[in-house]
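Just below is one structure, and these are the notes that go with it.
The values are calculated or read from the model by the stated rules, or taken from the named source; none is laboratory data. Please read all numbers here as calculations on a predicted model, not as lab measurements. Cβ sites come from the backbone with ideal geometry, for glycine too, and all protein chains shown count toward neighbours. Ligands, DNA and RNA are excluded from the accessible area calculation, which covers all protein heavy atoms including side chains. Shrake-Rupley method; radii C 1.70, N 1.55, O 1.52, S 1.80 Å.
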Amino acid sequence: MRESIGAAQDVRHFAINVLKDSGASVSCHGEGEKESWTVNLTGIPDTLRDYLPEYDQWNIRFDMPVQNGMEYVSRTHPLVEGLADYIVNTALDRVALDPLAKRCGVIRTNAVAKRTTLILLRYRFHLIRQRGKETIPLLAEDVQVVGFEGAPEKPVWLSPEKVQIIPDAHPSGNILPEMAKKRIQEVLDHYSDLRNDLDEFVRLRAEQLRDAHLRVRTALNNSQKIDVQPELPPDLMGIYVCLPE
């Protein structure tokens, strides 16, 4: 749950970058424990405005405590949830004009020594609970970024720790559109070669989810049984390729 929700710095990184890229006026005051932000939304597009609370200016902090006149912004705050909905919906919309988040991308960066591909996956699980003779099915969803080095037909899969670092990579050179399309198409052409490994990632996450539920139930002295069945294959949501300099 902590990984999914993100820490305060993750929420701040997401919210501030989306606001800046959307045309909002954002200014930081103080440092460290005294850091706060003033956000003016008058410059954002109307399409984003529809997702957000009807305030033109915010005085916010992403950490507690919060002084009078400021608002604490967490992962579940309406401002963050509105920005997240906007990013996801415009990325999935085929007719959206220049969405901030892209489902495919290729950059050249000094953050990798070999060609590195990240794949954004969406998982679905059936949570089957037994209450006496009654079976109670539930549907759960999750997302995960996995990555590998090298060509997609011979992937060398990266550890979760390595994958977590790469999304922060910055471009260090230009990529011709033809080259970018070629790299993405290579992954699509060899996606069947990745399927067995991707299915295994889903099964592993299902085991982790089941173990987490069992730990909670054990702590609550709840003997209710639960089974987690993954729905295969996972949904392919995004492909992102990093090329070394």
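Data for the structure
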quantity: Of residues in the stretch 48-65 being open to solvent by less than 80 Å² (accessible area, probe 1.4 Å) and of a type outside the set (Lys, Arg), the one nearest to Asp98 (Cα to Cα); calculated: Leu48
quantity: Every residue from the stretch 86-129 that is over 17 Å from the mean Cα position of the chain (by Cα), open to solvent by 70 Å² or more (accessible area, probe 1.4 Å) and under 19 Å from Asn17 (Cβ atoms); calculated: Asp98
quantity: Residue list for the stretch 18-47, filter: open to solvent by 30 Å² or more (accessible area, probe 1.4 Å), in contact (Cβ under 8 Å) with a residue 40 or more places away in the chain and of a type outside the set (Asp, Glu); calculated: Thr47
quantity: Test result for Ala180, among the aliphatic types (A, V, I, L, M), under 28 Å from Lys225 (Cα atoms) and in contact (Cβ under 8 Å) with a residue 24 or more places away in the chain; calculated: no
quantity: Subset of the stretch 135-169 (residues that are open to solvent by 80 Å² or more (accessible area, probe 1.4 Å), in contact (Cβ under 8 Å) with a residue 40 or more places away in the chain and over 17 Å from the mean Cα position of the chain (by Cα)); calculated: Glu153
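Every residue, every condition in (1) surrounded by 12 or more Cβ atoms within 10 Å (Cβ to Cβ); (2) hydrophobic (A, V, I, L, M, F, W, C); (3) not in a strand (DSSP E or B), yes or no:
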{"position": "Asp199", "(1), (2), (3)": "yes, no, yes"}
{"position": "Val202", "(1), (2), (3)": "yes, yes, yes"}
{"position": "Leu209", "(1), (2), (3)": "yes, yes, yes"}
{"position": "Asp227", "(1), (2), (3)": "yes, no, no"}
{"position": "Pro233", "(1), (2), (3)": "yes, no, yes"}
